[in-house]
1. How many residues does segment 48-63 hold that are out of contact with any helix residue (DSSP H, G or I) (no Cβ under 6 Å at 6 or more places or on another chain), surrounded by fewer than 16 Cβ atoms within 10 Å (Cβ to Cβ) and not charged (D, E, K, R)?
2. Check segment 179-191 and report whether any residue there is under 17 Å from GLU281 (Cα atoms) and modelled with pLDDT of 70 or more.
3. Looking at this structure, is LEU104 surrounded by 14 or more Cβ atoms within 10 Å (Cβ to Cβ) and outside any helix (DSSP H, G or I)?
4. Select from segment 238-284 the residues that are on the phi < 0 side of the Ramachandran plot and of a type in the set (Gly, Ala, Ser) and write down the one among them that is modelled with the lowest pLDDT.
5. Looking at GLU66, GLU70 in this structure, which one is under 14 Å from LEU165 (Cβ atoms), open to solvent by 60 Å² or more (accessible area, probe 1.4 Å) and modelled with pLDDT of 85 or more?
6. Out of all the residues in segment 49-93, which are among the β-branched types (Val, Ile, Thr) and part of a helix (DSSP H, G or I)?
7. Just to be sure I understand, how many residues within segment 241-268 are surrounded by fewer than 13 Cβ atoms within 10 Å (Cβ to Cβ), in contact (Cβ under 8 Å) with a residue 12 or more places away in the chain and more than 24 Å from ASN283 (Cα to Cα)?
8. Which residues, counting only those in segment 225-240, are part of a loop (DSSP other than H, G, I, E, B) and surrounded by 13 or more Cβ atoms within 10 Å (Cβ to Cβ)?
Amino acid sequence: MELVEKKHRYVYLLLIASTLVIIFLVTFVYIRQLNRTILDNIISSISEIAAHDKATIETYIEICWEDLAEIQERFVSYGCETTEEIESRMDLECEASSFAHIYLIAEDGMLYTDHCGADALVGVSGKENLLSCFANGEERVVARFDEQTAEDGPVEKRILYGVRLHDYVVDGTKMFAMAGVSDISSIQDKMVINSYEKDGKSRGHSALVDLDGSYIVDISKEGYRNKYRNLFDHLAEAVSSELTNEEVAAKLKNRETFAFYHSHAGEEHQELFYFIPFEKEMNLYFIMSLSESV
């Protein structure tokens with residue numbers, strides 16, 4: 001009798017243990033699936049906002065390119081045949097446009113500006129990079145273009161938009177491209193994420209980078225004071241990350257849409273980075289960074 005009771009007790013204990021194991025496994029699978037569902041919902045929400053903001057910026061860039069093409073067409077329609085006429089017309093066009101400056105770049109490296117004067121592409125910060133923006137045969141470009149208008153003056157944060165010119169000759173000089181530069185705020189203001197603010201503190205940021213990770217617009221709304229000039233410098237300082245710099249670089253090269261968590265020392269929460277590529281012609285990525293606290 002005692003042996004039977006022990007056997008029953010053993011069976012009960014085994015059933016209880018088995019039940020607890022099953023409950024644990026079911027709970028583990030449920031929690032894991034729940035976390036996956038929550039993350040999928042977060043990614044879905046972020047992707048909708050990112051796609052909307054990216055489309056807004058893409059449209060703005062397209063408008064800037066179209067404005068430059070129309071300016072060049074007006075040069076022709078107004079019969080501008082000399083560099084003096086071109087420079088005078090550029091001055092008028094600049095006043096009427098959203099560009100801070102307009103540049104006409106000749107194939108021989110001469111630069112004609114809206115403030116009447118020609119110089120080689122050297123000596124003033126950023127100008128020597130105008131031709132290099134088209135180094136890979138691009139027809140249209142958008143790039144970071146910080147200008148220092150005086151030797152000891154402040155560096156002005158700019159965005160450059162450029163279009164290639166074909167068969168356009170002025171005073172016997174063949175023109176290579178036209179570029180317009182605008183203050184960085186023209187794009188930066190379109191990237192403020194108010195929906196994730198709490199108690200006056202932003203918990204979400206966005207940025208534009210090129211395929212090498214260089215910031216076109218910095219990840220922080222306080223972009224002018226952001227010390228990080230390259231995405232990979234920022235990621236290299238992370239204390240934990242779901243992706244290595246090499247893996248991120250490969251995904252950028254393949255123009256993938258992807259997301260991952262990373263964190264830095266001294267930060268209370270992890271950040272979720274969401275990457276979405278622009279149209280291939282633009283060679284840019286839109287990044288949305290969201291604090292895990294959201």
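1. Residues that pass the stated criteria total 5.
2. From segment 179-191, those under 17 Å from GLU281 (Cα atoms) are 179; that's our starting set.
Next, only the ones that are modelled with pLDDT of 70 or more stay: 179.
Within segment 179-191 (the criterion being under 17 Å from GLU281 (Cα atoms) and modelled with pLDDT of 70 or more), the answer is yes, since at least one residue qualifies.
3. yes
4. Quick first cut of segment 238-284, residues on the phi < 0 side of the Ramachandran plot only: 238-254, 256-265, 267-282, 284.
Filter once more, keeping what is of a type in the set (Gly, Ala, Ser): 238, 240-241, 249-250, 259, 263, 265.
Values: ALA238: 85, SER240: 86, SER241: 87, ALA249: 93, ALA250: 94, ALA259: 91, SER263: 85, ALA265: 81.
Only one residue tops the list, namely ALA265.
5. Exactly one of GLU66, GLU70 is under 14 Å from LEU165 (Cβ atoms), open to solvent by 60 Å² or more (accessible area, probe 1.4 Å) and modelled with pLDDT of 85 or more, namely GLU70.
6. The answer is ILE49, THR56, ILE57, THR59, ILE61, ILE63, ILE71, VAL76, THR83, ILE86.
7. 2
8. Scanning segment 225-240 gives ASN226, TYR228, ALA238.
The values are calculated or read from the model by the stated rules, or taken from the named source; none is laboratory data. Worth saying up front: this structure is predicted, and the values here are computed from it rather than measured. We place every Cβ from the backbone using ideal geometry, glycine too, and count neighbours over all the protein chains shown. Surface areas here come from the heavy atoms of the whole protein model, side chains and all, with no ligands, DNA or RNA. Shrake-Rupley method; radii C 1.70, N 1.55, O 1.52, S 1.80 Å.
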